Amino acid sequence: MRYELKHDKLAAQIFLRASAAAKARRRAEEVYAFYGEIAAKRLLTAEELDYLSPFATVLQIPEELKQAMDKGREKIREDEEAEMNKIKEQEAKEKKLREEAETALAKVEQNLAVIRERNLVTFREFAELGTRLVYTLDHAEALQKLGIAAAVEVDDGAKREALTAPLSELIFFFAESGRRPELACEAAGLLLGLGQAEPVALLLGQCVRENWSSRTQFASLLAALPEAVLLKSRYYPVMANVPLGKDGVFQMGSDPSEWGHRSDEQLHEVKLSLYQIGVYPVTFYQFALFSEATGRGLASRTPYWGRFGDHPLVNVSWYEAAEYANWLNEQQGIPPWYEIHKVRGSDPDNASEYDYLKWKVERKPGAWGFRLPTEAEWELAARGGAGTPRHHFAGGDVLGEVGWYWENSGDEPLSGDWDLNRIYDNNGRTHPVGQKQANEIGLYDMSGNVFEWCWDWYGEYTSGPQTNPFGPDSGSGRVFRGGSWRSFADFCRVADRGSSRPDDRSSSLGFRLAFVPQSGG
């Protein structure tokens, strides 16, 4: 009985365990069926199905379910492989596109570099051409070229550095001359576009907006330009006081024993009143401003070597020198020194047979300001004022140190006999003012470079002392002094005298001005 009971208990336990195993298998089947459905729907990865596969054998999953799982797993692997291939293909395409884009970008950068370099070359060419045209006094054309340069795409700093100075000069030139203020406004617009500091930028903007049209409107802008002092000294004469000593008396002329002495240089005593004289002869820069203001051209004044702003003016008549002095006074708010009657043959005191104009030019009583120097004023200034050592030339006794003349004015030094053809073949010419040694009071080029017109009619010196002499009342030629780039050395002596008819023009003849204060004569 006890055995039976034990057997029954064991059977019950076996039954319970078998039932539990069957229940577990059924549960496993359900789970695998669930995972099979998930696999069919690709909700599990191949790796996850690989993990579950061993359990299918252990749990005696039906073969058809195992096959379904295997197919699902294989399909997933194929899909994943296809997806991976697509990804690789896409990556390859993207890589190719990136490489093509990088190549294209490098090509663009290369092309841009070429364009930038070409732009820079173009900019420099037009900027340099415009600046050169200012120097050769083609101001309107210079404005056009600088406008093109300003429009070229280059670094703003490079533009400011290259264009500020020439554009400022064009503003000054067209504003001061007053005849074409619209060109000054155009230059102001270009300068404003480069970017300027205050107060210049503010004044430039006002100029452009209001379209200034008078010289007085431009005054504040011109004074504010960084180059204002330089431009004023470039386009207007710089003057120097001439020392008169205790009583203003000096010995004019030369002693007969002096080297190069001529018979028309008799020594005599002259007393002069206070005056100033130009540090340099009048330059092309300065006469160009006058020419622009009065609507005159410069072509007829251009010598064979060309015209350059800092060279002394040449090919100017005595009449034109007087006109320039009057205009300069008017620019400074001073009444004209001369009364000029522009009627042919109106001067009965002009005895020249060859003067085509013979205009009557008279000194106004009580006049002051700019005018041509008298012959005496010119000589005292060339000697460095009263009380200085008497030199052959203005500033010393060695002409090559103080002046340009036929031997040193060309490309190579010349010597031997004077020969005009040799001088021309050697490119003899004027040179920029102020390059040689100055005299005792800082005056340049009073010996050589260009002869200089004086007020006086040519004539014999009056014997005995004189005070502020203006020379003879009549004559056939006006005096010139100083020698030139093609002269003999003795023509460059401070005592040497020459003359020509007042309407004469020459590539070796210019002038410088004197200034007499209001209290002077």
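Just so you know, all these numbers are worked out from the coordinates, no wet-lab data involved. Since we're looking at a predicted model, the values are computed, not measured. Please note: Cβ atoms are built from the backbone with ideal geometry, for glycine as well, and neighbour counts cover all protein chains shown.
Scan segment 199-302 for GluC sites (Glu not before Pro) in coil per DSSP, keeping those whose Cβ has at most 15 other Cβ atoms within 10 Å, and list them by number.
Numbers: sites: 210, 227, 258, 265, 269, 292; in loops: 227, 258, 265.
Hits after loop and neighbour filter: 258.
Report, in degrees rounded to the nearest 10, the 0 to 90 angle that the Cα long axis of helix 156-177 makes with the longest principal axis of the chain.
30 degrees
Let me know the number of lysine pairs in segment 238-521 closer than 24 Å at the Cα, not counting same-chain pairs under 8 apart.
Value for segment 238-521: 5.
If the reach is capped at under 30 angstrom between alpha carbons, list the lysines near residue 23, excluding any in the same chain fewer than eight residues apart.
6, 9, 41, 66, 71
Please give the calculated 222 nm ellipticity per residue for the chain, where each DSSP H segment of at least 4 residues contributes -39500 (n - 2.57) and the sum is spread over every residue; nearest 500 deg cm²/dmol? Intermediate results must be reported in sequence, preceding the final value.
On the way: 14 runs with 245 residues, N = 521.
The per-residue figure over the chain is -16000 deg cm²/dmol.
Quick one: if you stick a label point 7 Å off each Cα along the C-beta vector at residue 518 and residue 197, how many nm between them?
Roughly 3.7 nm, to one decimal.
What are the aspartates and glutamates whose alpha-carbon lies under 19 Å from the alpha-carbon of residue 93, with same-chain residues fewer than 8 places away excluded?
Cα-Cα hits under 19 Å: 81, 83, 102.
On a straight-distance basis, which aspartates and glutamates could pair with residue 159 in a cross-link, Cα separation under 13 angstrom, same-chain partners fewer than 8 positions away excluded?
Candidates past the 8-residue exclusion: 125, 128.
Among 261, 194, 218, whose Cα lies farthest out toward the positive end of the dipole of segment 158-299, if unit charges sit on the beta carbon of Lys, Arg (+1) and Asp, Glu (-1)?
Ranked along the dipole, the leading option is 194.
Enumerate by residue number the GluC sites (Glu not before Pro) in segment 335-429 meeting two conditions: DSSP loop (anything except H, G, I, E, B), and at most 16 other Cβ atoms within 10 Å of the site's Cβ.
353
Using +1 at the C-beta of Lys and Arg and -1 at the C-beta of Asp and Glu, which of 420, 229, 506 has the Cα lying farthest in the positive direction of the dipole of the chain?
Working it through, the farthest residue towards the positive pole turns out to be 229.
Please give the helix 318-331 orientation as an angle from the longest Cα principal axis of the chain, in degrees from 0 to 90, rounded to the nearest 10.
Compared with the principal axis, the helix lies near 60 degrees.
Give the angle, between 0 and 90 degrees and rounded to the nearest 10, that separates the Cα long axis of helix 284-294 from the longest principal axis of the Cα atoms of the chain.
90 degrees
Set Lys and Arg Cβ to +1 and Asp and Glu Cβ to -1, take the dipole of segment 238-521 about its Cα centre, and tell me which of 451, 354, 372 lies farthest positive.
372
Taking the Cα centre of the chain as origin, sum charge times position over the Cβ atoms of Lys and Arg (+1) and Asp and Glu (-1), and report the length of that vector in debye to the nearest 20. Can you show the working numbers first?
Values: 61 positive and 78 negative charges, 455 e Å.
It comes to approximately 2180 debye.
Among [x] 105, 24, 20; [y] 44, 28, 24; [z] 47, 25, 20, which is the computed semi-axes √(5λ) of the Cα gyration tensor in Å?
Among [x] 105, 24, 20; [y] 44, 28, 24; [z] 47, 25, 20, the one derived from this structure is [x].
Placing +1 at every Lys and Arg Cβ and -1 at every Asp and Glu Cβ, with all other atoms neutral, what dipole size does segment 260-391 have around its Cα centre, in debye to the nearest 20?
On the way: 14 positive and 17 negative charges, 39 e Å.
The dipole of segment 260-391 has a size of about 180 debye.
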